[in-house]
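Asks: Just dropping this structure here.
Readers should treat all values here as calculations from the given coordinates under stated rules, not as data from a laboratory. Quantities reported herein were computed from a predicted structural model and do not represent experimental measurements. Virtual Cβ from ideal backbone geometry, glycine too; neighbours counted across all protein chains shown.
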Amino acid sequence: MSSVAVESGGQPETQDDWYEIAERVLPGAGLGGYALPEAERFVIRRGEGCRLLGSDGKWRIDYVCGAGALILGHAHPAVTEAIQAQIPDGIHFFGTLNEKAILLADELVDAIPCAEKVMFATTGSEATFYAMRLARAFTGRDRILKFEGGYHGNHDYSNISVAPKAVSNYPAGQADTGGIPASTQDSVLIAPYNDLEAVRRLVEEHRAELAAIIVEPIQRVVCPKPDFLPGLRKICDDNNVLLIYDEVVTGFRLAYGGAQEYFGVKPDLAAYGKVVGGASALSAVAGPAEIINLSAPANRGQSNYAYINGTLHGNPVAATAGLATLAELRAPGFYKSLNALGDTVRKEVQAVLDHHGMRAVATGDASLWQILFTDKAPTSYADMLSVDSEETRAFDLTLLRHGIYALPGVRRFLSSAHAEADIDDTLKALDAACREFA
Ligand SMILES: Cc1ncc(COP(=O)(O)O)c(C=O)c1O
């Protein structure tokens, strides 16, 4: 144990003490892809509603919302109570069905337009990975088309052309991380988001080897043009290729039926995470019985069997958190008011930015939003490249110093715990941040 921890009787006392340990034992003193600069960094002690308490004793308004998973905010009483009630009955089983997982599966099949069956996994990354495996097993073809700038998790098939520095030489992609085998990279084709003509050309050229197109219906914070998702559906149908929605973010966030309901276009398969497990370790793949059944245990040994299995798949605590969360989301008017709050935030934030003459837009849709330093809301990855990312990140850090927690350069989320007073506080902080930034 560290010297600071020993001296203070087991618990570090100050935030610097926490960082002293973190810097020693965690790479870059981070838990993943992000580490805030020293001047703005903080350690989270606890979350309550839409606010986070840091080890520095300061409260911040949280727009990260657990990467969008916490649609009800932190420590929602109904979710907390449900989890507490499950814990004495067992926090984990494996191999045999549990009641909570069956109840959640039944609810998902009711809620998700493309679902006749679902299969559980643990993370959003696994859900997209399994959706691609199912697509390959079903079609007998190897390649997947994904969009430049689209993110589908931490696995090798996702980390290709998520954040290239220049537009790609379609369909060739660039690996975003070391460690991706060339053969995996070669199995992923890259296309420009919101460009149906280019997608059609690539699909027609590669249809013999193409299993599926995977798309984030709203790619990061870039919204689909009105004809984009219907156009993808048609290209897939015309070429006998599967359409996969990555609904890890949009599922149960845009609407109860996710992007499928919100945009009115149904994919063949859809991957879920985040909200579906009430921000616990649960995710799911949904689709027609004909495809999802390929993962049925009895199919093991067949050439089109798709192995889906994991220690925590269908975990009862996570399923309980999911059930309790979904029950809250079914309350009449839930999405109407959450999405209206998103409209208000974008409008009011834009007004403050304009008032200060900032060359920035408040963009997004429904309960997703972001401030980008550019002239117009981006509709393509090329537009995203023209965003002044340094200014965008610097401004986000200024906001953070004023008590608004959003990861620099990353889209932000609203939860039902964000009340009018929190938005007022946010706008005041924004006004102060604009003055400081100017
Ligand atoms: C659209 C999308 N797909 C997949 C993932 C991966 O989910 P997870 O981080 O739970 O593995 C994410 C994570 O943010 C995501 O935004």
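Asks: Would you work out which of Pro171, Thr80, Ala121 lies farthest towards the positive end of the dipole of the chain, given +1 charges on the beta-carbon of Lys and Arg and -1 on that of Asp and Glu, about the Cα centre?
Replies: Pro171
Asks: Output ³J(HN,Hα) for the stretch 210-224: one whole-Hz value per residue in order, computed from phi by the Karplus curve 6.51 cos²θ - 1.76 cosθ + 1.60 with θ = phi - 60°, and x for Gly and Pro.
Replies: 8, 7, 7, 9, 10, 9, 7, x, 10, 7, 6, 10, 8, 7, x
Asks: Sum up the charges of everything whose Cβ sits under 11 Å from the Cβ of Thr398, counting Lys and Arg as +1 and Asp and Glu as -1, but leave Thr398 out.
Replies: Values: positive: Arg393, Arg401, Arg435; negative: Glu40, Glu391, Asp396, Glu436.
Counting the neighbours of Thr398, the net charge comes to -1.
Asks: Report ³J(HN,Hα) in whole Hz for each residue of the stretch 286-291, in order, from the Karplus equation J = 6.51 cos²θ - 1.76 cosθ + 1.60 where θ = phi - 60°; Gly and Pro get x.
Replies: Karplus values, whole Hz, x for Gly and Pro: 10, x, x, 3, 4, 8.
Asks: Could you work out the local net charge near Ala172, counting Lys and Arg as +1, Asp and Glu as -1, over the other residues with Cβ closer than 12 Å to its Cβ?
Replies: Values: positive: none; negative: Glu148, Asp186.
Net of charged neighbours comes to -2.
Asks: Based on DSSP, what percent of beta bridges with both residues in the chain are antiparallel, to the nearest 5? Don't jump to the answer; show the numbers that get you there.
Replies: Working: 25 of 42 bridges.
In the chain, DSSP labels about 60 percent of beta bridges as antiparallel.
Asks: Give a residue-ordered list of calculated ³J(HN,Hα) values for the stretch 87-99 (Karplus: 6.51 cos²θ - 1.76 cosθ + 1.60, θ = phi - 60°; whole Hz; x for Gly, Pro).
Replies: Once θ is set to phi - 60°, the couplings for the stretch 87-99 become 3, x, 8, x, 9, 6, 9, 7, x, 10, 3, 10, 4 Hz.
Asks: Of the peptides 403-413, 355-365, 28-38, how do they stack up when ordered by the mean number of other Cβ atoms within 10 Å, highest first? Write down the numbers at each step before the final one.
Replies: Working: 403-413: 20.6, 355-365: 18.1, 28-38: 11.8.
Most protected by this proxy first, the peptides run 403-413, 355-365, 28-38.
Asks: Something else now. What is the stretch 77-329 by shape, rounded, prolate or oblate, if you read a ≥ b ≥ c off the alpha carbon gyration tensor as root eigenvalues and call it rounded for a/c under 1.5, prolate for a/b larger than b/c, and oblate otherwise? Provide the component values of the computation, followed by the final result.
Replies: On the way: a/c = 1.81, a/b = 1.59, b/c = 1.14.
Note, shape of the stretch 77-329 comes out prolate.
Asks: Shifting gears a bit: When ranked by the protection proxy of mean other Cβ atoms within 10 Å per residue, highest first, what sequence do the peptides 156-168, 319-331 form?
Replies: Numbers: 156-168: 18.3, 319-331: 20.5.
Taking the mean over residues of other Cβ atoms within 10 Å, the ranking is 319-331, 156-168.
Asks: Right, something else. Per-residue counts of other Cβ atoms within 10 Å, averaged by peptide: what ranking do you get for 333-339, 244-250, 428-434, highest first?
Replies: Working: 333-339: 15.3, 244-250: 29.3, 428-434: 18.9.
Output ranking for 333-339, 244-250, 428-434: 244-250, 428-434, 333-339.
Asks: Something else: At 222 nm, what value in deg cm²/dmol follows for the chain if DSSP H runs of at least 4 each add -39500 (n - 2.57) and the sum is divided by all its residues, to the nearest 500? Working shown, then result.
Replies: Numbers: 15 runs with 165 residues, N = 438.
Helix contribution divided over all residues of the chain: -11500 deg cm²/dmol.
Asks: Give the long-range amide H neighbours of Ala121: residues separated by 5 or more places, or on another chain, with amide H under 5 Å away, using H modelled in the peptide plane at 1.01 Å from N.
Replies: Under 5 Å from the amide H of Ala121 lie the amide H atoms of Ser283, Ala284, Val285, Gly314, each far enough along the sequence or on another chain.
Asks: Ok, one more. Roughly speaking, what is the centre-to-centre gap between the stretch 393-417 and the stretch 162-181 when only Cα atoms are used, to the nearest Å?
Replies: 27 Å
Asks: How would you classify the stretch 50-191 from its alpha-carbon gyration tensor, with a ≥ b ≥ c the square roots of the eigenvalues: rounded for a/c under 1.5, else prolate if a/b is greater than b/c, otherwise oblate?
Replies: oblate
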